[in-house]
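See below for the structure under consideration.
Just so it is clear, none of the values below were taken in a lab; they were calculated from the coordinates. In this text the structure is predicted, and so the values were computed from the model without any measurement. A quick note on method: Cβ atoms are made from the backbone with ideal geometry, for glycine too, and the neighbour counts reach across all protein chains shown.
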Amino acid sequence: MSIQKTAVVQDAYEHLLHAEQTKKSVTPLTDLYPSLTVHEAYQVQLKAIDQKVKAGQKIVGKKIGLTSFAMQELLGVDQPDYGHLLDSMSVPNKGSIAVDSLFEPKVEGEIAFVLNKDLKGPNVTAEDVLAATESIIPSLEIVDSRILNWKIKLQDTVADNASCGLYVLGNEKFAVNGLELTKIEMNLYKNGELMNKGTGADVLGHPATCVAWLANKLSEYNVILKAEEVILSGALSAAVVAQKGDVFTAEFSELGKVEVSFR
């Protein structure tokens with residue numbers, strides 16, 4: 001990477017870091033750096049994660065975003081993106097989140113994979129993913145953006161760790177054998193009201209296909225999916241805005257419920 005490009009990555013990293021430190025949303029990176037590439041945006045993300053790890057946080061998994069064709073069309077892209085899960089992002093099932101600790105949170109229901117084998121691209125298949133899966137867990141992802149009013153393009157969300165804020169896992173783990181992941185149905189409720197629904201088939205046709213994509217994409221950066229990591233495979237329906245006092249529940253056929261509240 002050229003000196004000029006390295007400077008852009010550093011400036012973009014500091015721009016997002018300033019938002020995090022001040023808890024004030026910032027101008028989109030794509031407005032400040034119109035020529036910012038997706039590859040450079042991932043360098044921004046990796047720099048931020050590396051700094052957090054050096055400060056004592058631990059990488060515990062990955063998240064996949066933009067797995068629905070509707071979201072891809074909205075941002076004008078033809079592929080998903082990914083971010084890192086840190087131990088500091090985990091919220092217990094039925095836990096409570098302070099809205100003031102976030103920017104503009106939204107909630108999604110997802111199928112999470114827990115691996116028992118490493119997965120290394122570039123030729124990982126959905127079958128490889130299923131063979132390397134220790135268990136399936138229902139989950140909620142609280143997506144969040146340091147970019148003002150969610151005015152994001154692909155480069156913005158990638159640099160911002162794929163807009164990942166926090167995540168919640170259900171209490172019970174399920175063996176992947178015997179589950180038809182494409183047929184799992186999810187209903188997302190906000191304060192008891194059904195907001196939307198989706199199925200496992202709504203993420204690239206199969207959740208394991210999403211995880212395979214991730215393993216193959218990560219190989220471009222010499223990163224592998226590691227045993228024991230949690231992989232959020234993508235939102236089964238649209239994200240719903242969260243505000244103080246809200247309670248979100250995702251009900252999954254065969255997988256049970258997962259819940260979180262905001263205070």
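Straight-line reach from Lys226: taking Cα to Cα under 23 Å and skipping same-chain neighbours fewer than 8 places apart, the lysines in range are Lys47, Lys52, Lys54, Lys58, Lys62, Lys63, Lys117, Lys120, Lys173, Lys217.
All other residues whose Cβ lies under 11 angstrom from that of Ala162 are scored, Lys and Arg at +1 and Asp and Glu at -1, for a net of -3. Charge tally around Asn93: other residues with Cβ under 11 Å, Lys/Arg +1 each, Asp/Glu -1 each, net 0. Quick one: grab the alpha carbon gyration tensor of the chain, order the square roots of its eigenvalues as a ≥ b ≥ c, and give me rounded if a/c is under 1.5, else prolate or oblate depending on whether a/b is larger than b/c. Verdict is oblate for the chain. Considering only beta bridges that DSSP places wholly inside the chain, some 85 percent are antiparallel.
Note: relative contact order over the range 72-210, using C-alpha pairs below 8 Å and six or more positions apart, is 26 percent. How far apart, in nm, are two points set 7 Å out from the Cα along the Cα-to-Cβ line at Ala175 and at Asp118? A separation of 2.7 nm, rounded to one decimal place. Taking each DSSP H run with n ≥ 4 as -39500 (n - 2.57) and averaging over every residue of the chain yields -8000 deg cm²/dmol at 222 nm. Could you give the distance between the Cα centres of the range 244-263 and the range 159-186, to the whole Å? Taking the Cα centre of the range 159-186 as reference, the centre of the range 244-263 is 13 Å away.
According to the square roots a ≥ b ≥ c of the eigenvalues of the Cα gyration tensor, what is the shape class of the range 72-163, taking rounded for a/c under 1.5, prolate for a/b larger than b/c otherwise, and oblate for the remainder? Note, shape of the range 72-163 comes out oblate. The amide H of His84, built 1.01 Å from its N in the peptide plane, has Lys63 as neighbours under 5 Å, considering only residues 5 or more places off or on other chains. With a sphere of radius 14 Å drawn around the Cβ of Leu140, what net charge do the other residues whose Cβ falls strictly inside it have (Lys, Arg +1; Asp, Glu -1)? Residues close to Leu140 contribute a combined charge of -2. Taking Phe113, Phe248, Phe174 as the candidate residues, the one with maximal mean-square fluctuation in a Gaussian network model of the chain, Cα springs under 10 Å, is Phe174.
Once backbone amide H atoms are built at 1.01 Å from N, Val176 has Ile136 as its partners under 5 Å, excluding neighbours fewer than 5 places away on the same chain. For Cys164, the residues whose amide H sits under 5 Å from its own are Asp144, ignoring neighbours fewer than 5 places away on the same chain, with H placed 1.01 Å from N.
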